[in-house]
Each structure stands twice: as structure tokens, then as C-alpha cells.
Amino acid sequence: MRGEHIRKILTVALDRGSVTARQLAYDTGLSVVTVNAILHELTARGLLVLAGLQPTSRGRHARAYAAPPAALKVAAVVQHAGELVAASSGPGDPDAILSVAEAGDPPDIDRLAKLIIEVSGGSILQHAVMGLPVRADAHTADIRRHTKMELARRLGCAVSVRSTTELTAIAEAQFGVARGVDNFVQVTGGQTTAVSHVVNGVPHDGAHGLAGLLWLLADRLPGPPVPGPDNPPSNAVSEPLESALAAVCLVADPALVVLGKELTRDTNVHLPDRLRRVFRQVLPVPPEVASSAVGGDPALRGALQAAQSAARKAFVAAAGPVDGVERTSRSRPV
């Protein structure tokens, strides 16, 4: 039970940024006495630090506590066509963004590590996320595994490697039109057109990281038969992209399909309307269709969000019991 109380207090402290004992008691439902005892323990362990004084309703000032700045220091780097884009973030620090020309595909591990260290100012990182484009080959899983292992070794922190389509979906769920939608499909363009299916906020990339290769599906879909005496006209979809998306929606049954901005510019401005028409023709319950509303670099924003979420979970989990065993110290200093 004490471990559960500790996790509650840490979660509230992370959510608020800085918090007093009375605010913690109000948010967690614990007594002020219990909260003060746990705060004493957490500050002794270095999991919370004194962050200054906050004015109270009675005109006094109360001590405010926060997680150490290094506890949530994270970084992200995303591979786009021709460049790597990196950013870092931590409590109270603005994002620092840096891009460099890409030298190889897959990207060189040394360059990736150097870029992450540079953009984070050499700070100790708790988590880093690498975003790679979806690849249509059997080596995708090996590339991800090697990148993850080597980056973790060089950076000395936990590392996740995910597809840029997944990361874009994470950003859309957090900041865009899919916010509050439990089941949606994210479609991104660029060198490849790919899909990420998000269920309860979790994007799924399959057993080998190959799920969502929409252009690959479109290439394999047969076109509709030419109308004639033996082939009367039907509701078949003629455009490969629209046909592939209709097939995905028939299986996934999403509430919403989100199109990346790169898919709806220039000659494709009417794509959302075409998709709505196709979905009405071929799907029992057609989903809504919307263009992405995430500003900046969606994949990079999603990567930072994923890194922050992973760092938070690790920070809170390390402070309390896991499977009935109380952890008395963090696996890594913060």
C-alpha cells in the first residue's frame, strides 16, 4: 500500500511540475501527515527535490517539491528524406532542435549518438527515441534491434526505435484531431505511404515492424475488371491508394482516418472527399476522414512524447513495489 501511495505522489508531482504537501493530499486523497512522511522519504532518496516556495490561501508560503530536472530529460531523433532532425526536452527547458544532412540509410550509429548528445547539451538522458521510416524489407527488425542496442550502449540510457508513422500517430492522438479517439488510422506519405492503426492510444507495428505498408498493399491489389458483357459495372474502387485504405478500414473498423498533410497538398487536395465517397460505397460503417492538425514536425513531436511517457513510467515504477518487491533505489541515477 505504501508503494502505491508513493507512486500516486510522484505521478501528481510530475503532472503538476511542482506541488506542495497540501496539494498532494488533496489530489491523492491521502492525509497531510502521510504525504509529509512520504515526501521526507522521497527527498532523502533524491526522487523529489525542494523547488521553492508557493503562496498559500492564508498568506503563508509552503514548500513546493518537484522531480529533479534530470529525471525527465529525454531526446528524440527522426530520419526524414535527406536529413536527421533531433530535439531534447526536460522539465522547464525549451526544446532544442537541430537537423543535419543524412549520410546513409540506415543512418550511421555514431552520427546518431553524436547528434543526440549535442542536442541534449551532454545532459544525462533517461530515454531516447529514434524514428525510422517504414521499410519494405525483411531486415527491418534487425535494423531496429541493432540501432536500439548500439544507441543504448553509446548514450547510457533506455532507447526505443519506432516507425515515423507510429510517432506521427502518437502526436496526432496527443495534439491533433485524433485526441480523445480510441480507435483511429493514421496515414503518412513521403517516400512510402504507410498506415498506423491506433487502439486505445497504442500504435501497432506488427511482429517485424512491417505493419502498415499501404503502398505495398496498393501495388498488390488488382484493378477492377473492364466493364463489358461479362463484367457489368460495379462499385469497385479504381484508385490503388483509396482501394488499399478501404481494405484497411474494412479490417480495422476505425472511427477516424487521419491523413498526413503531405498527402493532401498540391494535386491531392481533394483526397479527403474522394475517400469519403469511396468509404460510403464499400464500407458498412464509414469512418470520419480528417487532415492532420499537428503543427511542426509531427514525427519528432510524437517521438518526444513517447520518450517523455517512457521516462515518466520508469521514474514512477522505480520508486515503488513491482510484483510485491519494494525497490529501494533507482536503476540509474537522476
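Bear in mind that the values in this text are calculations on the coordinates, not laboratory data. Just so it is clear, the structure is predicted and the values come from calculations on it, not from any experiment. So basically every Cβ, Gly included, is an ideal-geometry build from the backbone, and we count neighbours across all protein chains shown.
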Using DSSP to call loops (not H, G, I, E or B), can you name the trypsin sites (Lys or Arg not before Pro) in the stretch 1-63 whose Cβ has at most 14 other Cβ atoms within 10 angstrom? Arg45, Arg58, Arg60
Using modelled backbone amide H atoms (1.01 Å from N, in-plane), which distant-in-sequence or interchain residues come within less than 5 Å of Val161's amide H? Met130
What is the distance in Å between the Cα centroid of the stretch 31-91 and that of the stretch 134-179? 26 Å
Can you tell me the equivalent ellipsoid semi-axes for the stretch 2-67? Use √(5λ) from the Cα gyration tensor, largest first, whole Å. 17, 13, 10
HN-Hα J couplings of the stretch 176-192 from phi, Karplus 6.51/-1.76/1.60, θ = phi - 60°, integer Hz, Gly and Pro as x? x, 6, 8, 4, x, 9, 6, 9, 8, 10, 9, 10, 10, x, x, 5, 9
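Tell me the relative contact order for the stretch 2-67 as a rounded percent, counting alpha carbon contacts under 8 Å between residues six or more apart.
Relative contact order of the stretch 2-67: 35 percent.
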Taking amide H atoms as placed 1.01 Å from N in the peptide plane, list the residues 5 or more away in sequence, or in a different chain, whose amide H sits under 5 Å from that of Tyr65. Val19, Thr20, Ala51
Trypsin sites (Lys or Arg not before Pro) within the stretch 148-189, DSSP loop, no more than 16 other Cβ atoms inside 10 Å: Arg179
Compute the distance in nm between two label points, each set 7 Å from the Cα along the Cα-to-Cβ direction, one at Tyr26 and one at Ala81. 5.2 nm
Distance violations [Cα-Cα > 28 Å] among Lys148/Lys313; Lys73/Lys261; Lys73/Lys148; Lys73/Lys114: Lys73/Lys261
